[in-house]
1. With the structure loaded, tell me whether Leu112 is open to solvent by 70 Å² or more (accessible area, probe 1.4 Å) and under 21 Å from the mean Cα position of the chain (by Cα) or whether it fails that test.
2. Kindly list, by first and then second residue, each pair from a residue in segment 132-158 that is touching a residue at least 60 places away in the same chain (Cβ under 8 Å) to a residue that is in a loop (DSSP other than H, G, I, E, B) and of a type in the set (D, E, K, R), limited to pairs with Cβ atoms under 7 Å and residues at least 6 apart or on different chains.
3. Out of segment 1-35, which residues are in a strand (DSSP E or B), of a type outside the set (Asp, Glu) and under 20 Å from Glu165 (Cβ atoms)?
Amino acid sequence: MREVIFDTETTGLDPKSGDRMVEIGCIEMVGRVETGRTFHAYFNPERDMPAEAEKVHGLSAAFLATKPRFAELADELLAFLGDAPLVAHNAGFDFGFLNAELERIGRAGISLERMVDTVALARKKHPGAKNSLDALCTRYGIDRSHRVKHGALLDAELLAQVYVELTGGRQIGLELASETVTVARTVVDIAAAPAAARPVRPPRPHAASAEELERHSAFIAGIDNAIWATQAR
């Protein structure tokens, strides 16, 4: 199954109050294995960058002023997303900003039925524990030493690894299940083959010969202090 893991960076917390999405990073996975295909873009928000937000992701208004507007890359982004489930950490936040940008340019928002929230998955698997992306990376031994500031593509890459752990671990991509099915089918096919197709072998003799019985009796008689002889007395 194809899935897209994604993350966004924004000018603030609420798209309804005028905050905008300034970065998106997407990772393609098929069968919970990264394919190497990604989508990454910065957007000109056409507004200022609050100092609090810049401290989080390091993206200044001057840097973003030279980037394309969301409308210029919307078709390319939507083509990458396709109809796949979309996985994000605290996914309601990211969906909110993505859909706000789409609606701003007159495009239909993405259905929330496609949303997979790794925060919800983590809370179910680790109730009562810290479930931030940093905490989950620590729990699963995922290296995040290069994460100095938030970055959409970097965070999506970390989340892809976390998502695999939350949904069964790294063995998912080894296709063990399909190999087991193949073996099982082979056994069934052989057992179900018609009798005429199987080789006919003569029955093997299992009874001891008279000579073998005589040698066995002689061997037993030669054993000193045999336990069965003691019990017979």
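1. yes
2. Leu154/Arg147
3. The first filter runs over segment 1-35 and keeps only residues in a strand (DSSP E or B), leaving 2-10, 21-30, 33-35.
Then drop every residue that is not of a type outside the set (Asp, Glu), which leaves 2, 4-6, 8, 10, 21-22, 24-27, 29-30, 33, 35.
Selection gives Arg2, Val4, Ile5, Phe6, Gly25, Cys26, Ile27, Met29, Val30, Val33, Thr35.
To keep it simple, each residue is scored yes or no on (1) open to solvent by less than 70 Å² (accessible area, probe 1.4 Å); (2) touching a Phe, Trp or Tyr at 6+ places or on another chain (Cβ under 7 Å); (3) within 20 Å of Asp155 (Cα to Cα).
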residue: Val22; (1), (2), (3): yes, yes, yes
residue: Val33; (1), (2), (3): yes, no, yes
residue: Phe39; (1), (2), (3): yes, yes, yes
residue: Phe43; (1), (2), (3): yes, yes, yes
residue: Met49; (1), (2), (3): yes, no, no
residue: Glu54; (1), (2), (3): yes, no, yes
residue: Ser60; (1), (2), (3): yes, no, yes
residue: Thr66; (1), (2), (3): no, no, no
residue: Ala71; (1), (2), (3): yes, no, no
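The values are calculated or read from the model by the stated rules, or taken from the named source; none is laboratory data. Owing to the predicted nature of the structure, the values given are computational and were not obtained by experimental measurement. Please note: Cβ atoms are built from the backbone with ideal geometry, for glycine as well, and neighbour counts cover all protein chains shown. Each accessible area value is taken on the protein alone, full model and side chains, heavy atoms only, with ligands, DNA and RNA left out. Shrake-Rupley method; radii C 1.70, N 1.55, O 1.52, S 1.80 Å.
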